[in-house]
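Please treat every number below as a calculation from the coordinates, not as lab data. What you see is a predicted model; the values in this text were computed from it and never measured. Positions of Cβ are generated from backbone atoms using ideal geometry, with glycine treated the same way; all protein chains shown enter the neighbour counts.
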Amino acid sequence: MDIQSLKIKGVIGFNGKVLNGLHNSPCGDYIVYPLGTFVVIKSLISDKEAFLDGHTNQVSCIAVSSDGRKIASGQANSTGTKADVLIWNFSKAKKLLDDGEVMIGEDCASHRLMQHRGKVQDIDFSCDDKYLCTLGGQDDNALVIWDVENGTSICGSPAATDSALCVKWVHNRNDRLVSAGNYHVRVWQVNYPGTKLHPMEAKLYKVRRQIISISITEDDNYAYCGTLTGDVIQLSILRDEIKTFKEPDVLTPEMKSISEHRFSKGVKSIYCVTNPSSGQTNILIGAGDGTVGMLNGNSLKKVAGYATKLLGAITSIAPIYNKSGSIWKFIIGTDQCNRYEVSPDLIDTILKASCHSGSVHDVCFPEGCADLVVTASVGDLRIWNVQSKMEILRIQVPNLECYCSAVTPSGRSIVSGWSDGKIRSFYPQSGKIQFVIPDAHTEQVTALAVADRDYGNEWRLISGGAEGRVRIWKITSQHQAMISSLKEHRAPIKNIKVNSDSSQAISASADGSCIIWDLNKYVRLHALFESNVFLSVLYHPDESQILTCGSNHKISYWDASDGEAIRVIDGGEKEINCLDITQNGEFFVSGSRDMMLKFWHYDNGITCCTGRGHSGNINAVKLSPDERIIVSVCSTGEIIFWEMPDLREIRSSLKD
């Protein structure tokens with residue numbers, strides 16, 4: 001049979017940790033941002049999204065051409081390996097997006113540029129979009145100028161004696177750019193006929209700063225540099241216009257002033273805002289503590305009344321202009337992966353999108369409710385509306401990591417396991433703490449399952465820890481007590497499932513065993529052994545068989561009555577991390593380390609559909625209670641909602 005592709009219904013995700021990673025198209029109808037190995041294009045009108053798929057590792061920087069026809073993106077690789085830069089056809093990608101395409105491959109890429117090693121630190125287009133400058137990371141530290149049309153390198157040079165961190169082209173010339181980094185600023189003159197780069201070291205006098213952001217005034221007279229210590233440096237970058245176009249600079253750039261006020265945790269992003277009527281330039285500042293403020297371009301003093309505070313360090317500032325040419329609003333991204341719309345006076349702030357900023361470890365639906373989904377990640381639990389893809393509730397526990405979660409059958413509690421060894425339960429309506437079991441495990445709580453219906457005042461909770469213990473807890477409205485601690489596993493518990501009548505539970509462990517437990521006598525009934533790190537386990541709905549997966553790339557079928565292996569199928573090229581099954585047991589779904597989601601026929605063991613959209617390891621997958629969508633989460637923080645495939649069509653193709 002032909003393997004179908006699962007359709008993406010929606011995505012929640014944005015990598016806000018990439019400095020200057022959020023951009024808007026010049027027309028203002030699209031935004032561009034990184035998400036793992038993808039560059040995402042999102043329409044602000046239709047809310048559709050498309051993924052530019054070509055990078056082999058995390059996207060580290062993005063630039064959009066001033067004419068809106070090109071996107072350039074660089075990636076971060078391991079030390080010593082080449083880090084690619086891709087130039088994308090933005091016009092073609094927008095058309096494909098509007099036509100309903102979701103995954104856009106390298107056929108939309110104009111060129112793949114391979115010069116830097118380790119990481120591409122920063123990237124920018126020239127004012128006429130003919131040239132592209134790329135800056136290598138710490139291991140490379142080279143500045144290279146490229147011809148955008150041909151995809152060939154024109155010239156290159158070591159960026160500085162110390163690490164260069166950012167680069168910016170001037171607004172009115174395609175032969176001048178500014179780079180900066182640790183204790184230096186350089187203004188470069190590009191000699192195109194001679195293919196040479198001429199650097200001029202800026203005079204910073206006694207000031208020593210790590211510069212992490214640059215913005216240049218529209219007249220190209222000044223560059224404003226944001227530092228890690230939180231102050232802003234004003235530099236004169238004037239050029240002697242008597243000199244011909246081909247001649248290098250002779251005027252030495254120098255520091256004019258430095259701000260007295262220091263923004264907490266550094267100036268992560270900076271943008272020059274020029275008033276069209278007065279010509280006055282102010283400097284919009286995005287600080288590491290979430291402050292957005294304004295400095296006067298001449299005095300570098302704070303402009304009174306222009307300040308607001310957002311959640312997370314401000315990593316990106318992108319203006320959207322109205323038809324008259326003035327700024328209508330700013331789109332601002334933070335390292336907490338929140339996206340805001342902020343008015344030019346910094347008074348009105350609207351949270352437009354939020355997502356997890358770290359790996360998402362688990363996902364679950366409340367029983368019988370397909371409209372809400374709960375995700376567990378670094379520092380928080382979140383409840384999402386499936387239809388709108390909006391966050392409804394955030395339950396934060398700072399400086400900790402949530403590894404597992406479950407909603408009780410009655411929907412009255414969200415129980416969760418955390419990195420400090422505690423089990424915490426929350427009220428789903430308010431997010432307030434319901435109860436805490438301290439020292440539930442000596443290490444992290446890595447797996448949870450609810451036993452019994454909790455419509456009464458008493459139910460049981462099964463937990464697994466990184467130390468290998470499986471523990472059963474009696475939960476009442478007044479107290480929580482441990483009933484039994486089972487000690488047969490010798491490695492972390494990866495997954496726990498309870499059967500329909502809560503008489504048995506099965507635990508999957510990294511020690512190569514799955515154990516079926518009697519929940520009445522609290523003893524072992526059977527054990528399944530394999531040369532494998534078991535990562536997920538589930539019961540077939542009729543409970544006659546058990547399905548497991550793990551590090552051996554296999555999916556195994558087991559007899560639930562005696563623990564004997566029945567069948568083994570090849571699950572993919574890498575570890576299979578998670579499983580879920582339909583209510584009738586006819587189909588199941590798996591997620592793996594190779595970022596592939598697969599939809600299987602249970603009896604035939606055939607892959608019916610595949611889903612490609614994640615940019616990291618798929619950690620968990622769940623079918624909605626109404627079986628209309630599939631939700632998967634991964635290590636790079638995105639949540640993807642997939643359309644359930646047409647089962648009648650699959651059954652028909654299986655018969656053929």
* To do: Please express the shape of the stretch 229-330 as an equivalent ellipsoid: the semi-axes are the square roots of 5 times the eigenvalues of the C-alpha gyration tensor, given largest first in whole angstrom.
  => 27, 19, 13
* Give me the Debye-computed log₁₀ of I(q)/I(0) at q = 0.08, 0.10, 0.11, 0.15 Å⁻¹ for the stretch 360-655, equal point scatterers on Cα only, no solvent, two decimals. => -0.31, -0.49, -0.60, -1.19
* Structure fact -> Using alpha carbon centers only, the stretch 1-36 is separated from the stretch 476-508 by a whole-angstrom value of 39
* Full-extension gain in nm, Gln478 to Leu647, via 0.36 nm per residue minus C-alpha separation -> 56.2 nm
* Per-pair calculated FRET efficiency, R0 = 56 Å: Arg208 and Ser43 via Cβ, rounded to 0.05 -> 0.80
* Structure fact -> Taking the alpha-carbon centre of each part, the distance from the stretch 410-432 to the stretch 342-381 in Å is 16
* Asked: Can you give the relative contact order of the chain as a percent, counting alpha carbon pairs under 8 Å and 6+ residues apart?
  -> 9
* Asked: Just the Cα atoms of the chain: what Rg and Dmax do they give in Å?
  -> 27.7, 93
* Please work out the FRET efficiency for the pair Leu400 and Thr349, using the Cβ-Cβ distance as r and a Förster radius of 30 Å; give the result to the nearest 0.05. => 0.60
* Asked: Using only Cα atoms, what is the ratio of the radius of gyration of the stretch 523-649 to 2.2 N^0.38 Å?
  -> 1.02
* Asked: For a paramagnetic label modelled at 7 Å from the Cα of Ser264 toward its Cβ, which residues of the stretch 278-304 fall within the zone defined by backbone nitrogen distances under 18 Å?
  -> 285-294, 302
* To do: Round to the nearest 0.05 the FRET efficiency obtained for Tyr321 and Thr161 when R0 = 51 Å and r is the Cβ-Cβ distance.
  => 0.85
* Asked: Roughly what would the spin-label model give for Cys369 and Ser388, points 7 Å off Cα along C-beta, in nm?
  -> 1.5
* Global geometry of the stretch 399-532, whether rounded, prolate or oblate, following the gyration tensor of its Cα atoms and the 1.5 cut on a/c -> oblate
* Structure fact -> Computed over all unlike Cα pairs, the Kirkwood hydrodynamic radius of the stretch 330-460 in Å stands at 15.9
* What dipole magnitude, in Debye to the nearest 20, does the chain give about its Cα centre under +1 on Lys/Arg Cβ and -1 on Asp/Glu Cβ? -> 1600
* Structure fact -> The alpha-carbon center of the stretch 145-166 and that of the stretch 541-619 are separated, in whole Å, by 47
* To do: Using only the alpha carbon atoms of the stretch 22-169, find the Kirkwood hydrodynamic radius as the inverse mean reciprocal pair distance, in angstroms to one decimal.
  => 15.2
* Structure fact -> Each label sits 7 Å from Cα toward the beta-carbon; between Gln280 and His198 the label points are separated, in nm, by 3.8
* **Separation of the Ile569 and His540 label points, Cα + 7 Å toward Cβ, nm** => 1.2
* Rounded to the nearest 20 debye, dipole of the stretch 63-110 from Cβ charges on Lys, Arg, Asp, Glu -> 180
* Could you give the dipole magnitude of the stretch 252-318 about its Cα centre, charging the beta-carbon of Lys and Arg +1 and that of Asp and Glu -1, in debye to the nearest 20? -> 140
* Once the dipole of the stretch 360-655 is set up with Lys and Arg at +1 and Asp and Glu at -1 on Cβ about the Cα centre, which of Ala447, Gly417, Val436 lies farthest towards its positive end? -> Val436
